[in-house]
1. Within a 10 angstrom radius of the beta carbon, how do Ser131, Ser176 rank from fewest other beta carbons to most?
2. Quick check on my link table: of Lys65/Lys135; Lys20/Lys49; Lys69/Lys141; Lys23/Lys77; Lys20/Lys77; Lys49/Lys135, which ones sit more than 29 Å apart, alpha carbon to alpha carbon?
3. Would you be so kind as to identify which of Ser174, Ile140, Met161 lies farthest towards the positive end of the dipole of the range 134-175, taking Lys and Arg as +1 and Asp and Glu as -1 on Cβ and the Cα centre as origin?
4. Determine the dipole magnitude for the range 6-96: charges of +1 sit on the beta-carbon of Lys and Arg, -1 on that of Asp and Glu, nothing else is charged, the reference point is the Cα centre, and the result goes in debye to the nearest 20.
5. Using label points projected 7 Å from each Cα along Cα→Cβ, tell me how many nm separate Lys23 and Ile159, to one decimal.
Amino acid sequence: MNLYNNDNEYHLISMFQCNKSSKNNIFHVLMNPYLTLLYNRCVYKISDKSSAEDLVQEILIRVYKALPKYRHEAMFKTWLFTITDNVCYSFLRCNYKYKNNVVVMTVLDNLMAVTNNNIDLEIDFNKTISSLSIKEQEIIKLRFYKELSLDEISNILRITMSACKMRLYRALQSLSILIL
């Protein structure tokens, strides 16, 4: 659901880009409906409500600085969510370097091709998981750390069930290479 129609957003963005005197007011009107969406997206991505509030501020600063160069090639909401995702991923990359959590995961099916038994693996989260791509980290966290079903993951990531299974399979293959 788009909070504004595209014409209204286009008009507000054009006013922001042209009007030097009331930029802050225009920015407030443009961004106010998106604040809750940005916050919720950050909470989902990083699983930390207090840090999500800080990230929303960082996102607003980045959007404010980048808005004069915004070209109306994509929907504003899509552009905004791309910035949000990038800020969240940067935050996660920095945070994983400093956390020393050990995550115990029971990895079934695909990883068990080696032994055909269920194995409890203790994985040093910093060294192993951070070596994976962001998408691989995300799907492994959702499946094993948050214990979501493949159906729930496919809905959250907005991908098909088969794409979800393939992404998880490839992530587990990458993980098994790092472990073994």
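Quick note: the coordinates plus some simple rules give every number you see, no bench work behind them. Just so it is clear, the structure is predicted and the values come from calculations on it, not from any experiment. Cβ sites come from the backbone with ideal geometry, for glycine too, and all protein chains shown count toward neighbours.
1. Ser131, Ser176
2. Pairs exceeding 29 Å: Lys20/Lys49; Lys69/Lys141.
3. Positive-end residue among those listed: Ser174.
4. 220
5. In this crude label model, Lys23 to Ile159 measures out at 3.8 nm.
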